[in-house]
1. Report, by residue number, each residue of the stretch 64-82 that is over 16 Å from Ile19 (Cα atoms) and not in a loop (DSSP other than H, G, I, E, B).
2. Return a yes/no flag: does the stretch 140-156 have any residue that is within 21 Å of Glu90 (Cβ to Cβ), of a type in the set (Asp, Glu), open to solvent by 70 Å² or more (accessible area, probe 1.4 Å) and at pLDDT 90 or above.
3. Among the numbered criteria (1) modelled with pLDDT of 95 or more; (2) of a type outside the set (S, T, N, Q); (3) open to solvent by 10 Å² or more (accessible area, probe 1.4 Å), which single criterion is violated by Tyr127?
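The values are calculated or read from the model by the stated rules, or taken from the named source; none is laboratory data. Predicted model only: the values in this text are computed from it and were never measured. Reconstructed Cβ throughout: ideal geometry from the backbone, glycine too, with neighbour counts over all protein chains shown. Remember, those area values only see protein heavy atoms, side chains included, never the ligands or the DNA or RNA. Shrake-Rupley method; radii C 1.70, N 1.55, O 1.52, S 1.80 Å.
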Amino acid sequence: YIFLLYLDSEGGIIEMKNITPYNSASLGYSIAQNTEGNLFIAGYYTPPFMSPIRDKLYLTKLSPSGQKLWEYANLSYPNNCAFRAVLPAEDGGCYAAGHIGNYASVSGSFVLTKLNANGIENWIKIYDFENGGGNAVGLINTPDNCLMLCGRSGMYRAHLMKVKLNGDTLWNKQYFQNEDRSGFLKVASMPDTTYVAIGSIKSNDDPDMDLL
């Protein structure tokens, strides 16, 4: 279930709110706040009425006090899906990135959506890569007013992707193809218009994952 925890300046608990969608199994992966103080929560929820059971894309916008302003759920895709990152948009809405497909398989794709201030979908885009396995887990604005997604694709290969604010692809690249597996978890913009990403990597001759 999804809970929102309010803390004071010393880390003490002020209040805990249950914001579970539709009283069903769910998970919140990402939280972001806009300039008005409203909160966006991204993750998935599992509709109890569907068979077979599948995780579905879920977003909600909350007031600063935790009151739900709207909820967004997308049941269009047959396999497991989730939003892993959310980013406020200038119009009061948000962008959210994640994956479409089975999380544990190589059949997934990046997904990116834009919702307006009222939770109405402006657009949603699916990005398929060679060998599948797409899973976006990080999302940022870039200094040139674009979006950058990070995650993995193919047989667990670190992946970065830059798109316009309408979702059109500028470039996407897969990294460390000669290693056993890798993935990016977060990406950040540097002042000189370059980027830095963090994640993990496992070499072919190393039994453990290492910090990337």
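1. If the condition is that a residue be over 16 Å from Ile19 (Cα atoms) and not in a loop (DSSP other than H, G, I, E, B), then Asn74, Cys81, Ala82 are the ones that fit.
2. Within the stretch 140-156, one or more residues are within 21 Å of Glu90 (Cβ to Cβ), of a type in the set (Asp, Glu), open to solvent by 70 Å² or more (accessible area, probe 1.4 Å) and at pLDDT 90 or above.
3. (1)
Matching residues to (1) touching a strand residue (DSSP E or B) at 6+ places or on another chain (Cβ under 9 Å); (2) modelled with pLDDT of 90 or more; (3) closer than 30 Å to Lys162 by Cβ:
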residue: Glu10; (1), (2), (3): no, yes, no
residue: Ile14; (1), (2), (3): yes, yes, no
residue: Thr20; (1), (2), (3): yes, no, no
residue: Ile31; (1), (2), (3): yes, yes, yes
residue: Glu71; (1), (2), (3): yes, yes, yes
residue: Tyr77; (1), (2), (3): yes, no, yes
residue: Gly92; (1), (2), (3): yes, yes, yes
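Each row is one residue, and each column tells you yes or no for (1) closer than 26 Å to Trp70 by Cα; (2) among the hydroxyl-bearing types (Ser, Thr, Tyr); (3) touching a Cys at 6+ places or on another chain (Cβ under 6 Å); (4) surrounded by 15 or more Cβ atoms within 10 Å (Cβ to Cβ).
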residue	(1), (2), (3), (4)
Glu90	yes, no, no, no
Ile100	yes, no, yes, yes
Gly108	no, no, no, yes
Asn116	yes, no, no, no
Phe184	no, no, yes, yes
